[in-house]
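Enquirer: Before I ask anything, let me first share the structure, which is written out below as C-alpha cells.
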Amino acid sequence: MGIEKKSLNTMGMALAISTLVVMNADLRAGDPVVPQPAVGAPIDGLNSTQRTQFDLGRILFGVPLLVEDGLGPVLNKSNCRSCHSNPDGGPGNIAVTHFGVVDKGEFTALPGGTLLQLVAISSGCEESLPPEANFTTNRITPGMLGYGLVEAIADADIVANEDPTDADSDGISGRVHWVPTFGTDVPGELRAGRFGWKSIVANVITFSGDAALNEMGLTNQIFGEETAPNGDLARLELCDDIPDPEDHPDRQGFTFVDRVTHFQRYLAPPPQAPRSGMTGETVFNDFGCNACHTSSFTTGTLTTDGLPLESALENKVVKPYSDFLLHDMGLLGDGLPQGDASGNEFRTTPLMGVARRLSMIHDGRVNSGPIESRLHQAISLHGPFGEGANAAAAYLDATKDDQDALIKFLKSLGRTDFDQDEDDLITLQDFEVLLACSKIDAVISPDDACGISDVNQDGLINLVDLGSFLLAYEGVNGDCDDDGVTDLEEIFLGATDEDGNGIPDECVACPGDFNENGVVDGGDLGLMLVAWGSCTGCPEDLNADGNVNGADLGLMLVAWGVCP
C-alpha cells in the first residue's frame, strides 16, 4: 500500500496483535452471523440468474412507461417507483382516491370502477369524479418488501389463526379473505389473500398485473382489458389505439409485469435489530397486539402452481407481524367493500419495517412529527371500537415506561444491524460505536443502545460481532502493514486511531499524501478537489465523516510539505 508501519512501542501491543492473528484465524474458520440484508436489498440465497432478474426488475421498476408502450389512456403514475419509493419497492406517501355511491349503508361502484385515475395521455380522455358519487376514501401505497416470502406462506398457516366467530371470546374474530389467483397454471383457484389493504391479492404477479393496469394503464397477461375513463367505452376507443395486451415479452420471454414481479418477489423483508426482540415485544404481547399482529411464519416448499419454491424462499422464517386476516376495525374502517371484505374490515397491516414509514393508517392521516409521535397516534386510533380497541385501551392505560418500551420495540422493526446513526450505511461512525460498546464492562441487553451491535445476542461485543460487522461494512478496510490483519481488526483489539480514519496510528501515515510520493503538495490538493463532496470511504475524507470538505482541507494544510 506504500505505507509502512513503525515498530510497536511495547511488547504488550505486539502480543495483542499476535493474539488477534490467532483469534482472527479462529473466527474465519467459523461462520460469523450474516447481517440481515439492508432495506431494499435482495434476499439472501439467490442464484446468479435470480440475482440478474432482481437487478433487471429493479431497473424497470423505475423506468417511466411511454404512450407507445401502452401507458394510459388514464393513469396515476407512469412508473412503479413513483408510488413505491421508500426505498424502491417499499411504502410511499402518495394517496389514491376511491369513490362510489352509498345509499342506506349499501355501497355501489360506478362505471369504470372505484379507483379515480388522475392523469390522461391526451385531452378528452380524462377521468373525473362523477357528480353522483357521494363517497370517497383515500389509500396510501403499501410496501412490498419481503413479499416473495409472504407469498410463500402456506394457506393452511394463515387459516390456522382465523377465528371468524370469536370462539375464544377475546374480541378478535379474524377471517381469511379467499381470492382467486391469476398468472398461475390454475387461474381462478381460491387462495388465502395477503396483499393489499383488504387482502384482495394472493400472489405477487397478480399484484404487479393489477397495479400495471390500474395505476399505469398497461394491459398485460394478467389483466388484459383496458380501463375506460369513467367506464365510457366510446372515449376509450378514441383515446387508445394500441392493441391489448400492451405488455409484450422481451427477447428472453419476460414481460414488464414478469420483470417487476421478479424484483418484488426477491426483495428482502425489512431488517429488525436487535433481531431477537426487546422487552417492548413482551409489552406488545401483554397488550394483546399479537392477537392480530402475528410475529412470524415459516414459508412452505411449493409455489401457487404446486411447483417447488426457489431455495431462497422455501422453509424460511419471515417476521411480518401480521396474520393477513380481515378484522372489523370499527371507526378505522373506510366504508369501501372489496371482494368479500366489508367496508369496516381491513387486513392486519404488517408491522415489519414500520419504523421507516412516513405515513401511517390506510389513508395516511398520521404523517407528521417524530416516529415516536406517529406510532403513538397510530396505536391510539385503533379504538374505541373494533377488534383493535382492547389493545389500544391497554396501551393508553399503561405506564409511561411500558408505552416507551413498546414504541422502542416498534422502532426496531426496520432498523439495520450495526446502523447506530440510522443512515442505512455501515461506516466508520458505526464502527466507532461498536468499538465503544466493546469496552463496556457489563452485559449488553437488547434494550441497550449497543444491542444492535451484539448480533449474536450473547451479551458481549467481541470479535464474533466484529466479524459480522465487517461483512456489512461499506467503507475501505485496508491492511496498512500487510500482516494479514485488517486495520479495523487491529484497532478493535487495541491499536490507537486518534484521528478516527480507520488506520492504526502506528502506521506512518502522512495525512494528505494521496499520491504517496512523500510530500503533501499541489498534486494531492488536486486529488482532494476531484473528490470534493459526498465520498464515503475515499482516502481524501481525512476525518472519515463521509464528506470531503473544508475540514479535510484543514487537516491537509497542517500536514503540508515533506512527510515526516
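Enquirer: What FRET efficiency do you get for Gln457 and Asn134 if R0 is 35 Å and r is their Cβ-Cβ distance, rounded to the nearest 0.05?
Expert: It comes to 0.05.
Enquirer: Could you tally the net charge around Asp340, taking each other residue with its Cβ under 11 Å from the Cβ of Asp340, Lys/Arg +1 and Asp/Glu -1?
Expert: +1
Enquirer: Which whole-number percent is the relative contact order of the chain (Cα, under 8 Å, 6+ apart)?
Expert: Reported relative contact order: 16 percent.
Enquirer: List the aspartates and glutamates whose alpha-carbon lies under 16 Å from that of Lys408, not counting same-chain residues fewer than 8 positions away?
Expert: Filter leaves Glu281, Asp286, Glu372, Asp417, Asp419, Asp421, Glu422, Asp447, Asp448.
Enquirer: Any idea what angle helix 400-411 forms with the longest principal axis of the chain, computed on alpha-carbon atoms, 0 to 90 degrees, nearest 10?
Expert: 90 degrees
Enquirer: Still on this structure, please answer the following. May I have the count of lysine pairs in the range 48-376 with C-alpha atoms under 29 Å apart, counting pairs 8 or more residues apart or located on different chains?
Expert: 4
Enquirer: How do the peptides 270-277, 551-558 rank, highest first, by the average count of neighbouring beta carbon atoms within 10 Å per residue?
Expert: Top of the packing list down: 270-277, 551-558.
Enquirer: Compute the signed sum of charges (Lys and Arg +1, Asp and Glu -1) over the other residues within less than 14 Å, Cβ to Cβ, of Leu331.
Expert: With Lys, Arg at +1 and Asp, Glu at -1, the net is -4.
Enquirer: Of Lys411, Lys198, Lys316, Lys439, how do they rank once you tally other Cβ atoms within 10 Å and put the fewest first?
Expert: Lys439, Lys411, Lys316, Lys198
Enquirer: According to the Kirkwood expression over distinct Cα-Cα pairs, how big is the hydrodynamic radius of the chain, in Å?
Expert: Averaging 1/r across every pair of different Cα atoms and inverting gives 26.5 Å.
Enquirer: Which of the peptides 139-151, 392-404 is most tightly packed, and how do the rest follow, judged by the mean count of other Cβ atoms within 10 Å per residue?
Expert: Order by mean packing, descending: 139-151, 392-404.
Enquirer: Further, regarding this structure: Once Rh for the range 48-376 is found with the Kirkwood sum over Cα pairs, what is the Stokes-Einstein diffusion coefficient at 4 °C and 1.567 mPa s, in µm²/s?
Expert: Translational D for this selection: 62 µm²/s.
Enquirer: I've got another one for you. The range 28-115: which trypsin sites (Lys or Arg not before Pro) are DSSP loop and have at most 13 other beta-carbon atoms within 10 angstrom?
Expert: Taking the range 28-115 and a limit of 13 other Cβ atoms within 10 Å, the loop trypsin sites (Lys or Arg not before Pro) found are Lys104.
Enquirer: Sort Cys510, Cys289, Cys480 by Cβ crowding within 10 Å, fewest neighbours at the top.
Expert: So the residues, fewest neighbours to most, are Cys510, Cys480, Cys289.
Enquirer: If you don't mind, there's one more thing I want to ask. What nm value, rounded to one decimal, do you get for the distance between Ser342 and Asp244 when each label is placed 7 Å out toward the C-beta?
Expert: Modelled inter-label distance: 3.4 nm.
Enquirer: Treat the count of other C-beta atoms within 10 Å as a stand-in for reagent exposure and order Phe431, Phe107 from fewest to most.
Expert: Neighbour counts put them in this order, fewest first: Phe107, Phe431.
Enquirer: Is the C-alpha gyration tensor of the range 33-169 telling us rounded, prolate or oblate? Criteria: a/c under 1.5 is rounded; beyond that, a/b larger than b/c is prolate, otherwise oblate.
Expert: Oblate is the answer for the range 33-169, as a/c is 1.5 or above yet b/c matches or exceeds a/b.
Rule-based calculations on the coordinates, nothing more; no lab input. On a predicted model such as this, the values are computed, not experimentally measured, just so you know. Glycine gets a Cβ as well: all are built from the backbone with ideal geometry, and neighbour counts include every protein chain shown.
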